[in-house]
Amino acid sequence: MSDFSVKPVLTGDRTVLRPFTEADAEVMAEIIEDPEVVRFTGAPSGELTLERLRSWYGTRSEQPDRLDLAVTDRATGELVGEVVLYEWDSHARGCTFRTLIGRRGRGRGLGTEATRLIVGYGFEQLGLHRIELEAYGYNARALRVYEKAGFVVEGVRREADLRGGEWVDWVIMGILDREWAALSATPR
């Protein structure tokens, strides 16, 4: 594996993951500002102007050190969120994963499939050894999605963040290439 330069299109039964374009900025602004997204991912750092978002999403395909893909509903083509592999460590063949799914994409299995598609790509096409993530301990829906995709809880950073005046935990999860291979060999 050299880097994340190739930005693939990954197609599942319900979703298509595709590279971002500048044109995705308006929909992503709505998704990022969704109160539930903010609750589970945190508020954006700095003001999110449309110009700033156009610049961000318009340059995702140029980044060799991360893979940002738009999650779209296969049936309608509607953009519903994003999946990202980042913090790439070439020596350890590992990276960090994150995702966010907006209101119109929730509760339909799109996030679960998108997670499986990008994790599978990471292991099967990029030769990654390990993918890890962190999620708020109170984000039960996300933790369930990650467990369904094969991630294992490795630890908890207790009271690691102050949210709304309350201390909250970060759950650390990971999945290894051999665990993914074993899951992929069995029907799910």
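So is residue 174 modelled with pLDDT under 95 and either over 19 Å from residue 94 (Cα atoms) or not charged (D, E, K, R) (or both) or not? Outline the logic, then answer.
Values: modelled with pLDDT under 95: no; either over 19 Å from residue 94 (Cα atoms) or not charged (D, E, K, R) (or both): yes.
Criteria not met by residue 174.
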query = Assuming residue 164 fulfils every condition listed in (1) within 26 Å of residue 107 (Cα to Cα); (2) over 20 Å from the mean Cα position of the chain (by Cα); (3) open to solvent by less than 80 Å² (accessible area, probe 1.4 Å) apart from one, which condition is it?
reply = (3)
ask   = (1) in contact with a strand residue (DSSP E or B) (Cβ under 8 Å, 6 or more places away or on another chain); (2) of a type in the set (Gly, Ala, Ser); (3) free of Cβ contacts under 8 Å to residues at least 40 places away in the same chain: which one isn't true of residue 140, the others all being true?
value = (1)
Residues (open to solvent by 10 Å² or more (accessible area, probe 1.4 Å), in contact with a Phe, Trp or Tyr (Cβ under 6 Å, 6 or more places away or on another chain) and farther than 21 Å from residue 40 by Cβ) located in the range 65-78 = 65
key: For residue 157: the one exception among (1) open to solvent by 30 Å² or more (accessible area, probe 1.4 Å); (2) closer than 28 Å to residue 79 by Cβ   = (2)
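Just wondering, is there one or more residues in the range 114-134 that are of a type in the set (Lys, Arg), in contact (Cβ under 8 Å) with a residue 40 or more places away in the chain, closer than 24 Å to residue 13 by Cα and surrounded by 13 or more Cβ atoms within 10 Å (Cβ to Cβ)?
Looking for residues that are of a type in the set (Lys, Arg), in contact (Cβ under 8 Å) with a residue 40 or more places away in the chain, closer than 24 Å to residue 13 by Cα and surrounded by 13 or more Cβ atoms within 10 Å (Cβ to Cβ), one finds at least one in the range 114-134, hence yes.
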ask   = Are any of the residues in the range 60-75 at pLDDT 95 or above and of a type in the set (Gly, Ala, Ser)?
value = yes
inquiry  = I need the full set of residues from the range 104-113 which are more than 15 Å from the chain's Cα centre (by Cα) and either crowded, with 19+ Cβ neighbours inside 10 Å or in contact (Cβ under 8 Å) with a residue 12 or more places away in the chain (or both), in order please.
reply    = 104, 108
task = Kindly indicate whether any position in the range 2-15 is more than 18 Å from the chain's Cα centre (by Cα), open to solvent by 80 Å² or more (accessible area, probe 1.4 Å) and either under 22 Å from residue 133 (Cα atoms) or hydroxyl-bearing (Ser, Thr, Tyr) (or both).
result = yes
message = Considering only residues that are open to solvent by 20 Å² or more (accessible area, probe 1.4 Å) and hydrophobic (A, V, I, L, M, F, W, C), which ones fall in the range 16-64?
response = 16, 23, 27, 32, 38, 40, 43, 48, 50, 56
task = For the range 79-99, enumerate the residues that are closer than 14 Å to residue 41 by Cβ and open to solvent by less than 20 Å² (accessible area, probe 1.4 Å).
result = 81, 82, 83, 84, 96, 97
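The values are calculated or read from the model by the stated rules, or taken from the named source; none is laboratory data. Remember, it's a predicted structure, so these values are computed and weren't measured experimentally. Using ideal geometry, Cβ is built from the backbone for each residue, glycine included, and neighbour counts are taken over all protein chains shown. SASA here: full protein model, heavy atoms, side chains in, ligands and nucleic acids out. Shrake-Rupley method; radii C 1.70, N 1.55, O 1.52, S 1.80 Å.
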